[in-house]
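Bear in mind that the values in this text are calculations on the coordinates, not laboratory data. This one's a predicted model, so the numbers in the text were calculated from it and none came from an experiment. So basically every Cβ, Gly included, is an ideal-geometry build from the backbone, and we count neighbours across all protein chains shown.
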Amino acid sequence: MKRYTVELTDTALGAIHAQLRFITIEQCQPPIAERWLAMVWDAADSPETFPHGRPLATENEDVPYEVRFVLAGHESLLFTIEENQQLVRIIAMRGQGQLPISDDLPPL
């Protein structure tokens, strides 16, 4: 079975850290933040095998490259696939109920 390397962009890491900080500090829930982060890392690793099996993101319609997503609890991790490098690049995180973030996606 083909395995892909998974990378996170600075934008995606920033969104994850911002949400982690919100849960930890604003909501005063460090144990919940730890569980949430573990769930995000598990979700981030999941496209390592068969990333093409993940659904296309709504944002896919608005950018000139393919954008897929994987759920991490109430958040969606948006990613691209670079087949020639066997690389999955997580480029953003969108929260539940958040409108598509096409304008915030990086040019590739």
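Here are the numbers for the structure shown:
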{"quantity": "Selection status of residue 48, acidic (Asp, Glu) and in contact with a Phe, Trp or Tyr (Cβ under 8 Å, 6 or more places away or on another chain)", "calculated": "yes"}
{"quantity": "Scope region 50-72; condition among the charged types (D, E, K, R) and within 17 Å of residue 87 (Cα to Cα); matching residues", "calculated": "54, 66, 68"}
{"quantity": "Which numbered condition residue 40 misses (of (1) out of contact with any helix residue (DSSP H, G or I) (no Cβ under 9 Å at 6 or more places or on another chain); (2) surrounded by 14 or more Cβ atoms within 10 Å (Cβ to Cβ); (3) outside any strand (DSSP E or B))", "calculated": "(1)"}
{"quantity": "Residue identified as more than 20 Å from residue 10 (Cβ to Cβ) and of a type in the set (Phe, Trp, Tyr) among 69, 50", "calculated": "50"}
{"quantity": "Unmet criterion (only one of (1) under 11 Å from the mean Cα position of the chain (by Cα); (2) assigned to a helix (DSSP H, G or I)) for residue 6", "calculated": "(2)"}
